[in-house]
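Presented below is the structure to which this report refers.
Readers should treat all values here as calculations from the given coordinates under stated rules, not as data from a laboratory. Predicted model, so just to flag it, every value in this text is computed and none were measured. We place every Cβ from the backbone using ideal geometry, glycine too, and count neighbours over all the protein chains shown.
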Amino acid sequence: MPPASSRFSIQLTMPFHTCPVCGKRHEVHPVLDRLSYGNQLTCSPHCKITFTRLVRTRTLGEVQERKKFLRLRQEEN
Ligand SMILES: [Zn+2]
């Protein structure tokens with residue numbers, strides 16, 4: 001009779017995600033995997049913070065680029 005913990009791991013196959021920050025392959029809880037809607041989850045709280053910062057920087061960068069583009073167009077006309 002195997003211990004309860006190993007029986008649990010046999011029944012639940014943990015899906016693997018690739019961390020979008022450090023590229024590490026890591027197990028994700030099936031519930032979290034379903035909640036992520038196909039997005040790759042980060043492997044650790046540290047990577048999660050980094051990822052949030054990356055997304056924010058990218059979004060702000062796109063806004064800045066858009067503003068620059070619109071300003072250039074206004075100057076042309
Ligand atoms: Zn990571």
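Using +1 at the C-beta of Lys and Arg and -1 at the C-beta of Asp and Glu, which of Pro15, Thr42, Thr52 has the Cα lying farthest in the positive direction of the dipole of region 15-76? Working it through, the farthest residue towards the positive pole turns out to be Thr52.
Taking θ as phi - 60° and the Karplus parameters 6.51, -1.76 and 1.60, the scalar couplings of region 60-75 work out to 4, x, 5, 5, 4, 4, 5, 4, 4, 4, 5, 5, 4, 5, 5, 5 Hz in sequence order, x denoting glycine and proline.
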